[in-house]
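A.B. asks: Got a structure for you, questions after.
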Amino acid sequence: GGIFAALLLFGSQLHLHYSRMALTNVWDGLLMLAALGLGGLAWRHNQRTLWLLAGLALGLNAYLFTAVRLLPIILLPLGLLVFFTRREQLGKRWRGLATAVLLALLVALPQLLFYNSNSEIFWLRLYILGIFDRVWMTREAELCGQSTPASLTTQLWHGVRALNAGLDHSPAYGAQVPLLTTGPAILLILGVITAVFQRRHLRNLTLLIWLLVTTLFAAALLENPPQSHRLVSVAPALALLGAVGLATIGKRFTLLGNQQNQDEPNTEYRTPDTGGRSALRPYGTLILLAIPLIFAANDLVYYFGPYRVEHRFADRNTEIADAVADYLNTLEPEEWTVYFYGAPAMFVDFPTIPL
């Protein structure tokens, strides 16, 4: 399953684009995956080293824009479900869990103190982009010719479909295909269905909550979804759920053997016997590996083909700045003094960060 997920993530045009940019958005998904993944491993093995690594990863998420806002919302329902459904296991692991939480607070403390003194900075984007603003609701109702409840329903529907339908509205990407193309979207749906039926396993439950929280709080409750720069943090969860869907296909057609439950090492879950070993079983892994490779190739062909030649990324100012930067790099700095006058349209430095 991990190899399937790695291939799906490797070929994802959404993840590929932000991995090649200078924006820090792609780091949110990495550190959120590290915190949740290491937390899951620590819960399973109950080893001090894993608890410490999980706490370190959790604390580092406080320094990223999206992760510091979404990860607590993911951990809250997950923690409550563990508390009410797994108290016996929690009793054996509470010391390690407490160690991880204390280390996370220590690592995150400088940023938490900053947000405590500047709470308006933490909530600013929500105030600007949130849909529960009376002005936004009135404007959307007028533009759509609908009542306020109807426009709100439409907004929520666009948010739910943000990943596999509709075109990206972000100025940082603007692809003319859905963020998930057809193949990965089908695997995601299969993975979500499988995870729902096997939600007793913490790994599936974590992925479902991660996807739900991101879809709701980074798309449905913010204006003008989908915005890829807000959603790229969920890319690892999409790949993992897609891998769950692919593994489901493999087990359904007896291409894969039964797998052990990763939450409870001494138990197994099995799919129904479909009537004997499949003739394709010896080649099952290769067949299944070919599926994400084909999907990855499809995304790569689009990204480095039509998307590249359409020049939809950013705007005229960015293209000018790129051309100017390339030209200036050909000049000897000792022989030239460059004066740049571009404000308020273009700046040498980032306009909201005075140097």
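A.B. asks: Any idea what angle helix 87-117 forms with the longest principal axis of the chain, computed on alpha-carbon atoms, 0 to 90 degrees, nearest 10?
C.D. replies: The two axes meet at around 0 degrees.
A.B. asks: Using θ = phi - 60° and the Karplus form 6.51 cos²θ - 1.76 cosθ + 1.60, what ³J(HN,Hα) does each residue of the range 294-310 get, whole Hz, x for Gly and Pro?
C.D. replies: Residue by residue, the range 294-310 yields 5, 5, 5, 4, 4, 5, 5, 4, 5, 5, 8, x, x, 5, 5, 7, 7 Hz.
A.B. asks: Now for a different question. Hull surface divided by four, with the convex hull built on the Cα atoms of the range 1-127: how many nm²?
C.D. replies: Numbers: hull surface 38.3 nm².
Taking a quarter of the hull surface, the average projection is 9.6 nm².
A.B. asks: For helix 182-197, report the angle its Cα long axis makes with the longest principal axis of the Cα atoms of the chain; keep it between 0 and 90° and round to the nearest 10°.
C.D. replies: Its long axis makes an angle of about 50 degrees.
A.B. asks: So what's the net charge close to T99: Lys and Arg +1, Asp and Glu -1, counting the other residues with Cβ under 12 Å from its Cβ? Working shown, then result.
C.D. replies: Numbers: positive: R48, R93, R95; negative: none.
Spelling it out: positives minus negatives among the neighbours equals +3.
A.B. asks: Computing the accessible area with a 1.4 Å probe over protein heavy atoms, can you report the carbon and sulfur percentage for the chain?
C.D. replies: The C+S portion of the solvent-accessible surface of the chain is 66 percent.
A.B. asks: Suppose R0 equals 30 Å. What FRET efficiency, 1/(1 + (r/R0)^6) with r the Cβ-Cβ distance, do A6 and Q89 give to the nearest 0.05?
C.D. replies: Numbers: r = 29 Å, r/R0 = 0.97.
FRET efficiency, A6 to Q89: 0.55.
A.B. asks: T24 to R312: extension gain in nm, 0.36 nm per residue of separation minus the Cα-Cα distance?
C.D. replies: 101.7 nm
A.B. asks: On to the next question. Between F132 and R161, 0.36 nm times their residue separation minus their Cα-Cα distance comes to what? Each step should come with its number before you reach the end.
C.D. replies: Details: separation 29, 0.36 × 29 = 10.44 nm, distance 1.96 nm.
Extra length from F132 to R161 when fully extended: 8.5 nm.
A.B. asks: Which angle between 0 and 90 degrees, to the nearest 10, do you get for helix 119-129 versus the longest principal axis of the chain when only C-alpha atoms count?
C.D. replies: That helix lies at roughly 90 degrees to the long axis.
A.B. asks: Ordering H201, H229, H158 by how much accessible area each has at a 1.4 Å probe, largest first, what is the list? All intermediate terms of the calculation are to be shown ahead of the outcome.
C.D. replies: Working: H201 5, H229 50, H158 80 Å².
Largest to smallest exposure gives the sequence H158, H229, H201.
A.B. asks: Net charge near F65, counting Lys/Arg +1 and Asp/Glu -1 over other residues with Cβ under 9 Å of its Cβ?
C.D. replies: Details: positive: R69, R125; negative: D28.
Neighbourhood net charge equals +1.
A.B. asks: Do you know the relative contact order of the range 25-73, to the nearest whole percent, from alpha carbon pairs under 8 angstrom that are 6+ apart?
C.D. replies: Details: 47 pairs, mean separation 22.4, N = 49.
Averaging sequence separation for qualifying contacts and normalising by length gives 46 percent for the range 25-73.
A.B. asks: Label L102 and S147 with points 7 Å out from Cα along Cα→Cβ: what is the distance between them in nm?
C.D. replies: It works out to 5.6 nm between the two label points.
A.B. asks: Compute the signed sum of charges (Lys and Arg +1, Asp and Glu -1) over the other residues within less than 15 Å, Cβ to Cβ, of W210.
C.D. replies: Around W210, the charge tally is +3.
A.B. asks: Also, I was wondering about something else. How much mean residue ellipticity at 222 nm does the chain get from its helices, if each DSSP H run of length 4 or more adds -39500 (n - 2.57) and you divide by all residues, to the nearest 500 deg cm²/dmol?
C.D. replies: Values: 15 runs with 220 residues, N = 355.
Helices in the chain give a 222 nm mean residue ellipticity of -20000 deg cm²/dmol.
The values are calculated or read from the model by the stated rules, or taken from the named source; none is laboratory data. What you see is a predicted model; the values in this text were computed from it and never measured. With ideal geometry, Cβ positions are generated from the backbone for all residues, glycine too; neighbour counts draw on all protein chains shown. What goes into the accessible areas is simple: the full protein's heavy atoms, side chains included, and nothing from ligands, DNA or RNA. Shrake-Rupley method; radii C 1.70, N 1.55, O 1.52, S 1.80 Å.
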